[in-house]
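I have placed the structure first, in the form of structure tokens, so that the comments after it can refer back to it.
The values are calculated or read from the model by the stated rules, or taken from the named source; none is laboratory data. Every value quoted in this text rests on a predicted model; they were computed, and no experiment measured them. Neighbour counts run over all protein chains shown; Cβ positions are idealised from the backbone, glycine included. The protein model used for the area step is the full one, side chains on, heavy atoms only, and it has no ligands, DNA or RNA in it. Shrake-Rupley method; radii C 1.70, N 1.55, O 1.52, S 1.80 Å.
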Amino acid sequence: MAISLTGKIVIPVVTIAVVGAMTALIVIVINNEDTITTEDTTPTATTPTTIDFTTINTTTDFLSTEPEFLTTEAPIDNVTIDTSDIIYQVGVGIADMTGPCVEINFMGYADFGQSGRGIHLRQYSRAFIFVKGDTRIVLVTADVLAVGIAVRREVVKNLQELYGDTYSLRNVIVTGTHTHSGPGGHLVDFLLDISILGFSRQTYNAYVAGITRSIIRAHENIVPARLFFGETRVWNVHKNRSPYSYEYNPLEERERYDSNTDNTLTQVRIVKEDGSIHGVLNWFPVHATSMNMSNRLISSDNLGYAALRLERELNPASLTGKPEIVAGFFAANQGDVSPNTGDARCEFSGELCDNQFLLCEAQERCFASGPGEDMFQSTEIIGTIIYEAALEVLNSPGTELRGELAVLHQFIDMPDEVVAKYDPVARRFDANERVKGCISAMGYSFASGTTDGANVLNITQGTLTGVPELDAIVSAVAGPTEEDVECHAPKPILLATGRASSPVPWHGRVVSATLIWLGGFVVAGLPGEPTTMAGRRVKDVVSNVMRQHGLQPRVQVSGLTNEYIHYISTFEEYQVQRYEAASTIYGPHTLEIFLNKFAEFTSVAIDGGDVPPGPEPEDHRSDTISLVLPVVLDATPIGSHFGAVLEQPPSRVRMGDIVSATFVAANPRNDIRQESSHAVVERLEGSEWRTVATDADWETKFHWERVSTLFGTSRARFEWRVPNSTMRNTPHRIVYYGASRSIIGFITQFTGVSDTFEVEI
């Protein structure tokens with residue numbers, strides 16, 4: 001999570017305002033534009049509602065165009081396998097989980113001004129279910145910054161209503177891809193939702209519905225299958241954004257590796273009885289921040305792009321987001337890894353900067369970008385490289401995974417944990433030296449942001465000394481105790497989040513650690529963003545346990561698993577207190593707590609046992625507060641009607657052109673149209689119009705803007721970059737689907753249709 005300075009600086013002010021008067025927050029964060037954030041929720045304590053998650057909108061057959069990136073090569077050959085001793089049952093499922101695309105702030109950069117204005121890529125949840133005997137594991141990758149216990153609880157509740165005790169918090173493991181371009185307000189912890197203006201019921205319900213639906217679909221297509229493991233190295237796709245911190249790790253440890261980023265893409269291929277591919281899971285460490293903090297369109301970013309490309313390759317005749325073969329991409333140890341491969345430079349002068357030693361002038365941001373000319377091209381470039389690496393592994397024989405399945409899940413009260421200290425040079429635990437976790441707190445350099453999320457006030461990374469005047473102000477809301485200061489040293493505490501509980505806890509105490517055993521391949525699930533070396537230590541510890549049991553180590557780290565605790569740095573990186581370390585909220589020994597757990601979990605998995613469930617986190621969903629206002633009214637200009645075309649497309653366009661139409665619109669939050677689309681491109685085939693592109697496709701962008709807050713008027717523009725594969729000299733048109741709200745709350749669906757246009761070479 002690359003947080004901007006705007007968010008960081010405003011947070012202390014906002015939190016004080018919350019304690020004094022929550023309504024004052026509106027004045028602080030309203031944009032300078034004539035825009036009021038609105039949502040269907042009451043600005044008081046809220047309780048999640050029940051949704052029929054099995055109900056899907058199938059009124060329109062939304063087909064997608066053949067993207068330009070689709071290769072003309074033949075589909076991947078089936079794998080010839082012996083089906084006589086298949087030991088696993090595996091299901092795959094995908095569902096649209098797109099949240100409200102306008103007027104809800106995005107979660108990631110914590111920029112109060114970054115609220116949604118449309119869609120570039122939809123958000124999807126991809127679920128994989130593994131079964132052997134009585135063991136059942138659900139592993140989900142969702143196109144969202146992080147999921148959180150609140151969403152996971154409701155997903156499990158919905159599954160239990162359908163399937164009884166088959167699914168639980170123990171075996172339903174949900175991860176986020178960490179895109180920073182999706183609506184927030186679903187995580188409940190106050191510090192995580194404050195930049196969204198509190199809890200967003202609509203976001204929460206959308207994510208719960210989509211994730212639940214993907215698991216149901218996976219449950220319904222469980223088939224006999226085999227698992228194949230493979231890896232490759234990927235280059236020129238990311239860089240370490242905190243190399244200074246990385247260099248503080250022991251030399252002997254660093255010399256084991258050839259790079260300060262983890263370049264390995266790990267894959268598990270699921271193959272059905274007939275040798276065809278059922279699904280594929282990929283892990284790779286990269287921040288989903290190719291789309292920067294100026295973006296206002298929902299996007300699944302680079303990992304989402306890679307997933308869509310691989311699914312298109314494997315399902316050339318399927319709809320976008322509706323493949324039979326599902327391709328999931330999981331974030332690995334990406335805490336200090338940026339996709340913005342260009343050097344960080346000052347916004348105006350162009351000088352090199354790092355927000356620690358090389359600073360920009362006041363009010364001049366320091367940020368990195370690239371490798372493309374803009375964020376859309378960068379997303380495509382990075383996503384393409386990752387996709388090509390996954391395809392390379394998919395076309396390789398791989399190693400079959402055999403043996404047992406296991407899932408070990410434990411809730412951990414982090415401040416109460418006392419564990420053996422880990423020596424990364426000797427690669428062993430010292431039982432005679434004990435270390436412990438801390439009550440959660442954020443350090444000063446948390447306010448610096450990163451080169452992925454630029455700031456304008458130049459609060460530096462690596463801050464080791466607090467500011468007494470600021471400490472005095474902040475301590476009125478979230479001040480640390482002497483014990484906290486000692487426990488977190490050398491971190492100067494900016495916000496003692498574990499000491500603040502109004503209106504809900506700012507951070508929880510209890511989080512989970514998860515280990516999944518897939519026939520000899522281990523997935524170590526961490527509830528935050530492990531840095532490169534933190535992830536390497538987890539893999540090293542698990543690998544050593546496997547070697548001690550005579551097993552070939554195959555291990556991957558999965559970050560953003562189940563809950564979100566910001567970052568997990570190494571003890572040595574913590575001493576430097578750059579952004580990642582300042583955001584390691586449970587203190588300098590956070591990683592060592594997880595190292596001890598994963599060493600234990602690995603042994604237990606090999607021996608066939610289980611671990612105690614641990615103390616379940618408190619549930620604060622009924623205590624949440626929201627300042628996200630409802631949609632009040634949609635109206636049209638005098639003499640017009642909803643769906644009227646304001647700007648028509650030209651009658652003839654060329655391949656590669658961007659063609660668009662603009663309509664009299666209503667607020668898209670009236671109907672978020674999951675499993676559907678806000679607008680489509682249609683082609684005339686005979687006497688029938690066939691949809692060839694939707695707002696889920698890379699080539700399209702759906703834009704919405706409010707014309708007048710006072711009068712409730714708005715407009716929508718749908719644009720389409722014409723692919724080279726488009727049928728020529730055939731009528732096309734753009735169709736917009738909207739839903740308007742009357743002053744008394746009635747929702748009315750409507751449609752707008754543009755003039756036709758034809759495509760020429």
For the range 235-281, what is the largest minus smallest coordinate of the Cα atoms on each principal axis, given in angstrom and ordered from greatest to least? 51, 21, 14
Once the in-chain neighbours fewer than 8 apart are removed, the lysines whose Cα is under 30 Å from Lys491 read Lys8, Lys239, Lys421, Lys436, Lys539, Lys597
Check cross-link reach from Lys701 to the lysines: straight Cα distance under 22 Å, and skip same-chain residues fewer than eight apart. Lys322
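With +1 on each Lys and Arg Cβ and -1 on each Asp and Glu Cβ, and nothing else charged, work out how big the dipole of the chain is about its Cα centre, in Debye to the nearest 20. Don't skip to the end; give the middle numbers.
Values: 58 positive and 93 negative charges, 126 e Å.
Approximately 600 debye in magnitude.
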Label-point separation in nm, Ser501 to Ala476, each point 7 Å along Cα→Cβ: 2.2
With N set to the residue count of the range 480-527, report its C-alpha Rg divided by 2.2 N^0.38 Å to two decimal places. 1.71
Could you tell me the convex hull volume per residue, in Å³, taken over the Cα atoms of the range 652-709? 131
In the range 252-267, which residues have a backbone nitrogen under 18 Å from the label point lying 7 Å from Arg547's Cα in the Cα-to-Cβ direction? 252-258
Fraction of alpha-carbon pairs over 13 Å apart in the range 546-589 - percent: 63
Need one number: nm distance between label points at Glu351 and Ile747, each 7 Å from Cα along Cα→Cβ, rounded to one decimal. 5.4
Could you sort Asp623, Asp111, Asp697 by accessible area so the largest value comes first, with the probe set to 1.4 Å? Asp623, Asp111, Asp697
Spin-label model distance (nm) - Leu359 vs His641, 7 Å beyond Cα toward Cβ: 6.2
Which FRET efficiency, nearest 0.05, do Glu161 and Ala431 yield, Cβ-Cβ r, R0 41 Å? 0.35
Could you tell me which residue out of Val485, Pro530, Cys366 lies farthest along the dipole of the chain toward its positive end? Charges go on the beta carbon: Lys and Arg +1, Asp and Glu -1, centred on the Cα centre. Pro530
Its Cα gyration tensor gives the range 569-667 an equivalent ellipsoid whose semi-axes in whole Å, largest first, are 55, 24, 19
Within the range 676-701, which residues have the backbone N less than 13 Å from the label spot 7 Å out from Thr730 along Cα→beta-carbon, could you tell me? 682-693
Give me the net charge for the shell around Lys421: Cβ to Cβ below 9 angstrom, other residues only, Lys and Arg +1, Asp and Glu -1. -3
Could you give P(r) for the range 628-761, binned at 10 Å from zero, as whole percent values over all Cα-Cα pairs? 13, 43, 30, 13, 2, 0
List the Cys residues of the chain that have no partner Cys with a C-beta closer than 4.7 Å. Cys101
Rounded to one decimal in Å, the inverse mean reciprocal Cα-Cα distance for the range 233-367, i.e. its Kirkwood radius, is 17.6
Find the centroid of the Cα atoms in the range 510-568 and in the range 621-652, then give the distance between the two in whole Å. 45
For the range 465-589, the spread of Cα positions along each principal axis, largest first, Å: 57, 31, 21
Rounded FRET efficiency, nearest 0.05, which uses the C-beta distance separating Ser294 from Ile761 and R0 of 41 Å: 0.75
Cα principal axis extents for the chain, largest first, Å: 79, 70, 53
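Pull out the extension gain between Glu486 and Thr465, defined as 0.36 nm times the separation in residues minus the alpha carbon to alpha carbon distance; nm, one decimal. Present the calculation step by step, with values, prior to reporting the outcome.
Values: separation 21, 0.36 × 21 = 7.56 nm, distance 1.36 nm.
Separation in residues times 0.36 nm, less the Cα-Cα distance, equals 6.2 nm.
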